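Structure, as structure tokens:
The values are calculated or read from the model by the stated rules, or taken from the named source; none is laboratory data. The shown structure was predicted, so the numbers you read here are calculated from the model rather than taken from an experiment. Cβ placement follows ideal geometry from the backbone for every residue including glycine, while neighbour counts extend to all protein chains displayed. The accessibility values were calculated without ligands, DNA or RNA, using every heavy atom of the protein model including side chains. Shrake-Rupley method; radii C 1.70, N 1.55, O 1.52, S 1.80 Å.
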Amino acid sequence: MKRAPGMASVGRLMRAIRVQEFGKPEVLKLFKDVPVPSPSKDQILIRVHACGINPIETYIRAGVHSLKPQLPYTPGTDAAGVVEDVGKNVDSFKKGDRVFTRATITGSYAEYTLASEDTVYPLSEKLSFKQGAAISIPYFTAYRALFQKAHGKPGELVLVHGASGGTGIACCQIARAYGFRVFGTAGSPEGLNLVLQNGAHQVFNHREHDYIEKIQEAAGGEGINIILEMFANNNLSNDLKLLSVGGRVIVIGCRGPIEINPRDTMFKESSITGVYFFNSSKCQTFVGRACARNLSCILTAHNCRPTNTNIVTYYEEFQLLSATLWAPSANLVFGEH
């Protein structure tokens with residue numbers, strides 16, 4: 001008898017985090033008897049060595065995001081690990097290959113996860129599994145924002161407004177690698193130093209009352225060509241004042257409304273564009289492949305490394321989610337594989 005797509009393997013069980021109701025981190029429950037899924041013809045089964053914990057997953061778990069999976073479910077989008085099994089139509093990967101994902105079918109907070117072939121990418125031997133798990137949402141979002149939405153060109157001045165998080169660091173690294181002039185902001189000495197170490201030419205403390213004036217002065221009166229904005233509900237009005245003629249604000253993060261003056265866009269013919277990682281994931285497989293190839297070149301040739309601000313073992317996951325509800329990407333490691 002043929003197995004249905006994603007049907008569990010008989011007799012094989014795994015540990016996984018399951019959510020049976022939306023709510024606070026306490027709704028995350030560890031189960032030790034979850035059936036290991038089996039790949040259908042176009043799917044890949046991955047033994048998870050590390051998975052990324054992104055803010056969006058905490059919003060979904062809390063029930064405050066528009067995406068609401070059917071309960072119960074296993075959270076997690078980003079994973080890195082080793083191919084365990086492949087469907088009969090899969091020809092890009094084989095058992096034993098090191099890979100990372102930009103989406104999963106069965107969730108990555110588990111010892112095994114199922115993913116569609118078109119959402120799986122080779123993981124360079126130069127990167128650890130922990131680094132591989134930090135690639136997908138931060139780096140694909142950064143690449144999409146800078147090139148597919150802002151249409152950035154080397155030599156332009158980029159401000160990463162909120163640069164010390166996972167996506168901010170990715171923006172700095174990619175922009176520097178491609179020859180942009182890079183400014184970044186952070187709110188602590190440690191954050192400023194991190195941003196400098198990861199590609200920014202100049203950094204500014206966004207907790208200082210006059211930091212906007214300092215950015216304007218550093219830009220030399222010409223303004224900023226591209227602003228990659230992580231906290232639009234706080235910064236968008238100031239962003240429009242910082243832009244050059246024809247400047248672009250790309251909204252990557254926002255947690256609420258803000259009032260702006262549309263006249264600020266008129267005089268400079270500037271623009272505001274949103275970016276959403278999952279739009280790319282749904283319908284642009286070829287874009288994802290191109291992005292992955294370019295990111296692989298950047299990460300290896302320019303010695304860029306995904307940052308892991310919090311590396312934890314499986315059993316510390318509850319505390320991590322509580323501490324990073326509004327924080328950048330961290331990593332969850334399932335034991336020492």
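Tabulated data for the structure shown
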item	result
Residue match in region 49-71 (condition: open to solvent by 10 Å² or more (accessible area, probe 1.4 Å) and closer than 20 Å to SER124 by Cβ)	yes
Check on SER136, within 30 Å of GLY96 (Cα to Cα) and either out of contact with any Lys or Arg (no Cβ under 6 Å at 6 or more places or on another chain) or surrounded by 24 or more Cβ atoms within 10 Å (Cβ to Cβ) (or both)	yes
Lone unmet requirement of (1) in contact with a Ser or Thr (Cβ under 7 Å, 6 or more places away or on another chain); (2) within 26 Å of PRO122 (Cα to Cα); (3) surrounded by fewer than 21 Cβ atoms within 10 Å (Cβ to Cβ); (4) at pLDDT 90 or above for ARG18	(2)
Scope region 83-97; condition touching a residue at least 40 places away in the same chain (Cβ under 8 Å), in a strand (DSSP E or B) and open to solvent by less than 60 Å² (accessible area, probe 1.4 Å); matching residues	VAL86
Residue check, GLU217 open to solvent by 70 Å² or more (accessible area, probe 1.4 Å) and over 21 Å from GLY168 (Cα atoms)	yes
Test for GLU208: is it among the acidic types (Asp, Glu), out of contact with any Lys or Arg (no Cβ under 9 Å at 6 or more places or on another chain) and open to solvent by 70 Å² or more (accessible area, probe 1.4 Å)	no
Test: residue in region 263-271 that is at pLDDT 95 or above, surrounded by 19 or more Cβ atoms within 10 Å (Cβ to Cβ) and hydroxyl-bearing (Ser, Thr, Tyr)	yes
So GLU156, is it open to solvent by 10 Å² or more (accessible area, probe 1.4 Å) and closer than 23 Å to GLY220 by Cα	yes
Unmet requirement for TYR121, which otherwise passes all of (1) open to solvent by 10 Å² or more (accessible area, probe 1.4 Å); (2) under 30 Å from MET14 (Cβ atoms); (3) of a type in the set (Phe, Trp, Tyr)	(1)
Number of positions in region 162-192 that are of a type outside the set (Lys, Arg) and either over 14 Å from the mean Cα position of the chain (by Cα) or on the phi > 0 side of the Ramachandran plot (or both)	17
